[in-house]
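Just so you know, all these numbers are worked out from the coordinates, no wet-lab data involved. All of these numbers come straight from a predicted model, not from anything done at the bench. Reconstructed Cβ throughout: ideal geometry from the backbone, glycine too, with neighbour counts over all protein chains shown.
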Amino acid sequence: MANTPYPQSYYAASANPVPPRPALQGEVETDVCIIGAGYTGLSSALFLLENGFKVSIVEAAKVGFGASGRNGGQIVNSYSRDIDVIERTVGPKQAQLLGQMAFEGGRIIRERVAKYNIQCDLKDGGVFAALTSKQMGHLESQKRLWERFGHTQLELMDQKRIREVVACDSYIGGMLDMSGGHIHPLNLALGEAAAVESLGGIIYEQTPAVRIERGANPVVHTPQGKVRAKFIIVAGNAYLGNLVPELASKSMPCGTQVITTEPLDADLARTLLPQDYCVEDCNYLLDYYRLTSDKRLIFGGGVVYGARDPANIEAIIRPKMLKAFPQLQNVKIDYAWTGNFLLTLSRLPQVGRIGDNIYYSQGCSGHGVTYTHLAGKVLAEALRGQAERFDAFAGLPHYPFPGGQMLRVPFSAIGAWYYSLRDRLGF
Ligand SMILES: Cc1cc2nc3c(=O)[nH]c(=O)nc-3n(C[C@H](O)[C@H](O)[C@H](O)COP(=O)(O)OP(=O)(O)OC[C@H]3O[C@@H](n4cnc5c(N)ncnc54)[C@H](O)[C@@H]3O)c2cc1C
């Protein structure tokens, strides 16, 4: 059977040691079979195990192989569309519930890290950087909005103040969220996987789900085995392919690229980001960056609709990095990789149930580190019969992409081009 390794990334190169996790051979029975060992699958597994369920995870490659082991590592609160958009879409009652949950994912991560002693370089503090006065205005209203939901650890920054936390002259201001922050994402996933196993959960690696037999007693088929379960959770996100056709039709995998410098001179690292906060700008196609524990700069940006892998990632991302930090002109890039996230037309997550016993959560559209941790809790609550919060997510509308699966890529690229033009021209 194929043995899919991690992509060559800084994270794979600096991963904590992992035990071997064999592929599934033969037939097993469990309460819940989870498809995919990213944050959605691992977070669901942990909450279920903590509540007495038996759990098996089948993972096509390795724990954290997907976006969860490749991302920028930024703990960003709320969703990829903010609560005011949700309020306009679904009305105040449902928006109130979703708004209350918007800051829970970051808390869950911190609880997990503390409870299971996960070594993942957790640091507090995330900055949203404004390049235009329109973006600054948006941050001001976002602060008011988030405060309505009790999220008060926010500081608006003027040009002078933001220059104290990030050595980039392009920003006219920003907002600091001290409940944001950053982590080594693969080590977070590996630590969560170890926690799953410490509670008796089983993770089969190199074990793709190739077919789901639906019905009162669903079965997940894999190349050399099957899992009989009472419930299935589909957590394959952008790597799921067409396993569940009704999910594939309303979402689109997109690639985004990340580069990592060589370790920086300690003084240079300190001047770039003196408080070691992570930063993302407010553009539609945004740049995001942070330091690692060994003082490299990890810089991400750019989107490839349809998730084709670009031939030369460094050629795409390095110019963006140098635009923000010309002082890195002579710094070498040690790693460059790509990863896929799942875009939905509304940019809101898709959560729901197929039949009585197949649950799913996917499509957080770029900002998923916190949301996926919340999703695990909400899915576990639903399986325990407390579905109020699950229903709030499940009530969000799922739209098909204009142009269907054939034309969604060019149509979305045109849309993104329009929004980036607006960012560049400031309208
Ligand atoms: C490069 C990049 C940078 C990002 N940066 C950030 C960031 O800084 N902050 C932020 O909030 N979000 C970020 N994101 C988004 C975030 O990483 C994702 O939203 C989140 O990790 C999704 O987690 P997941 O568990 O749903 O999916 P994934 O982590 O993609 O996991 C899905 C897993 O399912 C497995 N799988 C798929 N199909 C099958 C099958 N048939 N059988 C078995 N297993 C299967 C895959 O192998 C994979 O391991 C970024 C994403 C990328 C790609």
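Classify the stretch 115-185: rounded, prolate or oblate, from the alpha-carbon gyration tensor (a ≥ b ≥ c, eigenvalue square roots; a/c under 1.5 rounded; otherwise prolate if a/b is larger than b/c)?
It comes out oblate by the Cα gyration axes.
Would you mind classifying the stretch 1-105 by shape? Square roots of the alpha carbon gyration tensor eigenvalues, ordered a ≥ b ≥ c; an a/c under 1.5 is rounded, otherwise it is prolate if a/b is larger than b/c and oblate if not.
Here the stretch 1-105 falls in the oblate category.
Can you check what the net charge comes to around Gln257, using other residues whose Cβ is under 14 Å from the Cβ of Gln257 (Lys, Arg +1; Asp, Glu -1)?
Taking every other residue near Gln257 into account, the sum is +1.
Charges on Cβ only, +1 for Lys and Arg, -1 for Asp and Glu, centred on the Cα centroid of the chain; of Gly52, Thr344, Leu273, which one is farthest towards the dipole's positive end?
Going by the charge dipole, the pick is Thr344.
What's the local net charge at Val165, with K and R +1, D and E -1, over the other residues with C-beta under 14 Å away?
-3
Count charges around Val32 for me, please; just the other residues with Cβ under 9 Å from its Cβ, Lys/Arg as +1, Asp/Glu as -1.
With Lys, Arg at +1 and Asp, Glu at -1, the net is +1.
Using a 10 Å cut-off around each Cβ, can you sort Lys143, Lys332 from fewest to most neighbouring Cβ atoms?
Ranking Lys143, Lys332 by Cβ neighbours within 10 Å, fewest first, gives Lys332, Lys143.
Shape of the stretch 1-56 from its Cα gyration tensor (a ≥ b ≥ c, root eigenvalues): rounded if a/c is under 1.5, otherwise prolate when a/b > b/c, or oblate?
Taking the square roots of the gyration eigenvalues as a ≥ b ≥ c, the stretch 1-56 is oblate.
Could you work out how far helix 39-50 tilts from the main Cα principal axis of the chain, as a 0 to 90 degree angle to the nearest 10?
Orientation of helix 39-50: about 50 degrees from the principal axis.
Only counting other Cβ atoms within 10 Å, I'd like Asp276, Asp177, Asp31, Asp169 sorted with the fewest neighbours first.
Fewest-to-most Cβ neighbours within 10 Å comes out as Asp169, Asp31, Asp276, Asp177.
Filter the cross-link list Lys54/Lys115; Lys115/Lys320; Lys123/Lys320 down to pairs whose alpha-carbon distance in this structure exceeds 30 Å.
Distance filter (> 30 Å) returns Lys115/Lys320.
When DSSP assigns beta bridges and you keep just the ones with both residues in the chain, what percent turn out antiparallel, to the nearest 5?
Here the antiparallel bridges make up roughly 70 percent for the chain.
Which whole-Hz ³J(HN,Hα) couplings does the stretch 112-126 yield from phi under the Karplus relation 6.51 cos²θ - 1.76 cosθ + 1.60, θ = phi - 60°, glycine and proline marked x?
4, 4, 6, 5, 9, 6, 8, 8, 9, 6, 4, 10, 8, x, x
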